[in-house]
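One structure is given below, encoded as structure tokens.
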Amino acid sequence: MLKTLTFGFLGGGNMATALIGGLIARGVPATSIRVVDPFDEAQARLRRDLGVHAAGAPDTAFGKSDVLVLAVKPQQFREAAAALLPHLGDSLIVSVAAGIRLADMQRWFGGRTRLVRAMPNTPALAGMGMTGLAAVAGLAQQDRDIASALAEAVGKCEWVEGDAQIDAVTAISGSGPAYVFYFIEAMEKAAVELGLSAAQGRALAVETFRGAAALAAQSEEPVSLLRERVTSKGGTTYAALTAMQAAGIGEAFVKAMRAAAERATEMGAEFGKD
């Protein structure tokens, strides 16, 4: 499906670069991909590393791409949409900007209905991303399939319903890598305090997260049961989890993700004002 389409990327940062690399790896010709980025250095990097067409502003050829991916910061989204609108054809538009609501996108793009909100995460840079997708009501199945294929070029995807659920995705998996890195940092620190080197602590933490995630992915059992199997009452894991529970870490972690989801909703209201 992807090999027959043309793609335009508004913004050439890390996420756009990851998606472009994923598309090319799956057989999309570099000549079928156009990128608009205001920075000369970014344009030169994209041409050199990926062989795509790169320019500083959208034009008619860019606007008529079969799929347009808007990989700009939320605070820049409305201005970017206004610059793109005069060149816009009947493209499928996929936004990867946190918080920007579907109704606002539809308003800024002149009532167009081929719109998808996507929330990828940074493991896409390693081809192991997780992307949440939400669309305007009534989006054609073919467009949903295209959006899925785009996301799957850098990992896996999950469809959800509407802005509220994609804001929840933002809190869980969009921001999620930062939570993992936070725990890896803490495990590194603990390793040093316990007499290991920082490098040893990092290796132990990273491989533990990698292995535990792989085990959870291949198992159909509840994660709570997997946790219980590692936890012998009175043992070392029990001591660690008891300390975490006493410190309220579980509740604090859930509260933190609620805060992230609320901020995504606030951003939608903030940047979607008339």
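Cross-link candidates for Lys3: which lysines have Cα within less than 22 Å, leaving aside residues fewer than 8 places away along the same chain?
Straight-distance partners of Lys3: Lys64, Lys156.
Between Ala198 and Arg229, 0.36 nm times their residue separation minus their Cα-Cα distance comes to what? Spell out each step's value before the answer.
Details: separation 31, 0.36 × 31 = 11.16 nm, distance 2.84 nm.
This chain segment gains 8.3 nm when fully extended.
For the stretch 151-193, which GluC sites (Glu not before Pro) are in a loop by DSSP, counting at most 13 other Cβ atoms within 10 Å?
Working: sites: Glu152, Glu158, Glu161, Glu185, Glu188, Glu193; in loops: Glu161.
Within the stretch 151-193, the qualifying GluC sites (Glu not before Pro) (loop, at most 13 other Cβ atoms within 10 Å) are Glu161.
Do any chymotrypsin sites (Phe, Trp or Tyr not before Pro) in the stretch 151-230 lie in a DSSP loop with no more than 14 other beta carbon atoms within 10 Å, and if so, which? Don't skip to the answer; put the middle values down first.
Working: sites: Trp159, Tyr179, Phe181, Tyr182, Phe183, Phe209; in loops: none.
Passing sites in the stretch 151-230 do not exist.
Step through the residues of the stretch 226-239 one at a time and calculate ³J(HN,Hα) from phi using the Karplus curve (6.51 cos²θ - 1.76 cosθ + 1.60, θ = phi - 60°), rounding each to whole Hz and writing x for Gly and Pro.
4, 5, 4, 5, 8, 10, 8, 4, x, x, 5, 5, 4, 5
Looking at the stretch 182-274, which trypsin sites (Lys or Arg not before Pro) are in a loop (DSSP not H, G, I, E or B) and have at most 12 other Cβ atoms within 10 Å? Could you put the intermediate results ahead of the total?
Numbers: sites: Lys189, Arg202, Arg210, Arg227, Arg229, Lys233, Lys255, Arg258, Arg263, Lys273; in loops: Lys233, Lys273.
Passing both the DSSP loop test and the Cβ count: Lys233, Lys273.
What is the gain in length, in nm to one decimal, between Ala82 and Glu207 on full extension, counting 0.36 nm per residue of separation less the C-alpha to C-alpha distance?
On the way: separation 125, 0.36 × 125 = 45.00 nm, distance 4.55 nm.
Gain in length upon complete extension: 40.4 nm.
Over the chain, with a Gaussian network built from C-alpha contacts below 10 Å, which listed residue (Thr236, Thr113, Thr122) shows the highest mean-square fluctuation?
In this elastic network of the chain, the residue with the biggest mean-square fluctuation among Thr236, Thr113, Thr122 is Thr236.
Any lysines with Cα under 22 Å of the Lys273 Cα? List them, leaving off those in the same chain fewer than 8 positions away.
By straight Cα distance, Lys273 reaches Lys73.
Taking 8 Å as the Cα distance limit and 6 or more residues as the minimum spacing, I'd like the relative contact order of the chain as a percentage. Please report the intermediate quantities before stating the final value.
On the way: 421 pairs, mean separation 41.7, N = 274.
Relative contact order of the chain: 15 percent.
What is the helix-to-structure angle for 74-84, meaning the angle in degrees between its Cα long axis and the longest Cα principal axis of the chain, kept from 0 to 90 and rounded to the nearest 10?
20 degrees
For Asp66 and Ala214, what does the FRET efficiency come to when R0 = 41 Å and r is the distance between their Cβ atoms, rounded to the nearest 0.05? List each step's numbers first, then the result.
Values: r = 35 Å, r/R0 = 0.86.
In this case the efficiency is close to 0.70.
In a shell of Cβ-Cβ distance under 12 Å around Ile172, excluding Ile172 itself, what net charge do Lys and Arg (+1) and Asp and Glu (-1) give?
In short, -1.
What is the distance in Å between the Cα centres of the stretch 196-274 and the stretch 9-76?
The two parts, judged by their Cα centres, are 34 Å apart.
Read-outs: derived from the displayed coordinates by stated rules, not from any lab. Treat the numbers as computed from the prediction; the structure is a model and nothing was measured. Don't worry about glycine lacking a Cβ; one is built from the backbone with ideal geometry, like all the others, and counts go over all protein chains shown.
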